[in-house]
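*Asks:* The structure's right below; bear with me while I get my questions together.
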Amino acid sequence: SEASEEGGDEIVINEDTITLNTTMVVNKPVVVRGAGLREDTTLKITVKNLPVIEVDDENAVLKNVTITGSNVGYGQPNGGLTLKSGLVTNVVVKGNSASGAYAGPAAVKMSGGRVTGSLITENKGAHAAAGSINVGGDLNNLIAGKGPEIDHCQIVNNTTLGTEGSCNGTVGLNLAYM
């Protein structure tokens, strides 16, 4: 690793595709980025019922990668990207799926953090799954301006079959605050 412009360590992924058999977890104040454009570096999981990557540090940054391959089934909570805190910027979340009752979102599950400047596309939720994106958390944090944020993103060509947790099957975006 090397020093990053955001401060702290930086991990640069130079490979075209990283194939994972477990979830990549970023839980330290580090920048993880693809070496080129976001389409040039792919993080792909090959094991069913796991998210591709989980980001859980308020000073962590994930950027310039494509996240794909997640296929969550019955009762599994998370799809391609799980964001608890930190920043995800300039990524593509594509080709993830959720099937079976009570499956989590196909593309993104957020309880904190920020996704910005990213493309979320071609993800599929089915059979009462939570759609493509699930944004949730504590209502008190949202009121205090500490809730999850999505801005300057393109959310297109995602599909959801069924209606539970998917904005009646039309949007694939589920907002839930307790």
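The values are calculated or read from the model by the stated rules, or taken from the named source; none is laboratory data. Not measured: the values here are computed from a predicted model. Glycine gets a Cβ as well: all are built from the backbone with ideal geometry, and neighbour counts include every protein chain shown. Ligands, DNA and RNA are excluded from the accessible area calculation, which covers all protein heavy atoms including side chains. Shrake-Rupley method; radii C 1.70, N 1.55, O 1.52, S 1.80 Å.
*Asks:* Looking at the range 8-31, is at least one residue crowded, with 22+ Cβ neighbours inside 10 Å, out of contact with any Cys (no Cβ under 6 Å at 6 or more places or on another chain) and of a type outside the set (Gly, Ala, Ser)?
*Replies:* The answer is yes, given that some residue of the range 8-31 is crowded, with 22+ Cβ neighbours inside 10 Å, out of contact with any Cys (no Cβ under 6 Å at 6 or more places or on another chain) and of a type outside the set (Gly, Ala, Ser).
*Asks:* Restricting the first residue to the range 76-100 and requiring it to be more than 13 Å from Ile133 (Cβ to Cβ), which pairs with a second residue that is aromatic (Phe, Trp, Tyr) and not in a strand (DSSP E or B) meet a Cβ separation below 9 Å and a spacing of at least six or different chains?
*Replies:* Gln76/Tyr102; Pro77/Tyr102; Ser99/Tyr74; Gly100/Tyr74
*Asks:* Filter the range 121-130 down to the residues that are under 16 Å from Gly69 (Cα atoms), part of a loop (DSSP other than H, G, I, E, B) and open to solvent by less than 10 Å² (accessible area, probe 1.4 Å) and list them by number.
*Replies:* Asn123
*Asks:* Just to be sure I understand the filter: pairs with C-beta atoms under 8 Å, separated by 6 or more residues or on different chains, first member in the range 35-62 and at positive phi, second member at pLDDT below 95 and of a type outside the set (Gly, Ala, Ser). Which pairs pass?
*Replies:* Asn49/Asn71; Asn49/Val72; Asn49/Gln76
*Asks:* Please go through the range 41-60 and give me each residue that is crowded, with 22+ Cβ neighbours inside 10 Å and either in contact with a helix residue (DSSP H, G or I) (Cβ under 9 Å, 6 or more places away or on another chain) or assigned to a strand (DSSP E or B) (or both), ordered by number.
*Replies:* Thr42, Leu43, Ile45, Ile53, Val55, Ala60
*Asks:* Further, regarding this structure: Tally time: how many residues in the range 68-120 are open to solvent by 20 Å² or more (accessible area, probe 1.4 Å), part of a loop (DSSP other than H, G, I, E, B), touching a strand residue (DSSP E or B) at 6+ places or on another chain (Cβ under 6 Å) and more than 18 Å from Asp151 (Cα to Cα)?
*Replies:* 3
*Asks:* Looking at the structure I just gave you, is Glu10 at pLDDT below 95 and of a type in the set (Asp, Glu)?
*Replies:* Criteria not met by Glu10.
*Asks:* Still on this structure, I have one more. Looking at Arg38, is it in a loop (DSSP other than H, G, I, E, B), surrounded by 18 or more Cβ atoms within 10 Å (Cβ to Cβ) and out of contact with any Gly (no Cβ under 7 Å at 6 or more places or on another chain)?
*Replies:* Yes: the conditions hold for Arg38.
*Asks:* Sticking with this one: For the range 114-149, what are the residues that are within 17 Å of Gly80 (Cα to Cα), at pLDDT below 90 and of a type in the set (A, V, I, L, M, F, W, C)?
*Replies:* Ala126, Ala129, Ala130, Ile133, Val135
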